[in-house]
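Student: Encoded as structure tokens, here's the structure I'll be asking about.
The values are calculated or read from the model by the stated rules, or taken from the named source; none is laboratory data. Please read all numbers here as calculations on a predicted model, not as lab measurements. Every residue, glycine as well, gets a Cβ built from its backbone with ideal geometry; the counts of neighbours run over all protein chains shown.
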Amino acid sequence: MILKYQKATDEYTTYALVEPDHVDGAPRATELCVIGDETYAHIPDDMVLPQQPANLEVGMETIVLTDELRAELKALSPHVRLINTRVVEKIREKYTTDDELKMHREFAQNGSTPTTQAYMDHVAASRVWGVAEKAKIGL
């Protein structure tokens with residue numbers, strides 16, 4: 001689920017979402033981004049949040065993710081940017097930018113060949129990995 005809340009600040013402290021004590025291998029909450037004064041966080045379905053500071057709990061709400069909000073969260077989330085960077089890195093493990101241009105030219109001239117199909121399969125697998133990683137944070 002995606003939770004929206006406003007962090008609260010007093011003279012000494014900034015109050016943010018409190019997670020359960022972490023155990024290795026257990027899911028973690030992920031702060032996705034801040035839009036205006038609202039902080040958006042992904043809370044894994046199997047996570048039970050502990051009691052939250054009273055000044056946060058009042059404004060906490062589970063949101064319904066619209067296409068427009070999903071696009072905005074993806075555009076602003078550093079986690080999504082990192083996933084996108086890693087997708088490109090996965091592609092670059094096997095193909096340089098020049099290799100990709102060559103594959104596109106070859107496909108345009110000759111259609112699908114074993115070489116271009118191997119390239120497309122590799123890119124597709126990298127993108128599928130990225131989609132799966134984004135799904136882990138609710139996007």
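Student: Name the residues in region 1-41 that are out of contact with any helix residue (DSSP H, G or I) (no Cβ under 9 Å at 6 or more places or on another chain), more than 20 Å from Lys74 (Cα to Cα), exposed (fewer than 12 other Cβ atoms within 10 Å of the Cβ) and not hydroxyl-bearing (Ser, Thr, Tyr), would you?
Tutor: Glu11, Asp21, His22, Val23, Asp24, Gly25 - these are the residues of region 1-41 that are out of contact with any helix residue (DSSP H, G or I) (no Cβ under 9 Å at 6 or more places or on another chain), more than 20 Å from Lys74 (Cα to Cα), exposed (fewer than 12 other Cβ atoms within 10 Å of the Cβ) and not hydroxyl-bearing (Ser, Thr, Tyr).
Student: How do the helices (runs of 4 or more DSSP H) wholly within region 53-119 filter down when requiring 3 or more residues that are under 23 Å from Ala16 (Cβ atoms) and among the charged types (D, E, K, R): which remain?
Tutor: Working: elements: 54-57, 67-76, 78-92, 97-110.
Those helices (runs of 4 or more DSSP H) span 67-76.
Student: Please determine, by comparing only the residues of region 42-75 that are under 13 Å from Gln6 (Cα atoms) and either among the charged types (D, E, K, R) or within 18 Å of the chain's Cα centre (by Cα) (or both), which one is surrounded by the most Cβ atoms within 10 Å (Cβ to Cβ).
Tutor: Filtering region 42-75 for residues under 13 Å from Gln6 (Cα atoms) gives 52-62.
Next, only the ones that are either among the charged types (D, E, K, R) or within 18 Å of the chain's Cα centre (by Cα) (or both) stay: 57, 61-62.
Numbers: Glu57: 12, Glu61: 10, Thr62: 10.
Out of the qualifying residues, it is Glu57.
Student: Name the residues in region 11-33 that are free of Cβ contacts under 8 Å to residues at least 12 places away in the same chain and either assigned to a strand (DSSP E or B) or not small (Gly, Ala, Ser) (or both), would you?
Tutor: Glu11, Tyr12, Thr13, Thr14, Asp21, His22, Val23, Asp24
Student: To continue, here is another question. Which one of these is within 20 Å of Ser77 (Cβ to Cβ), outside the structural domain of Gly138 (by TED's automatic domain parsing) and not in a strand (DSSP E or B): Pro50, Pro44? If you could, list the steps in order and put the result at the bottom.
Tutor: Numbers: Pro50 fails: within 20 Å of Ser77 (Cβ to Cβ).
The match here is Pro44.
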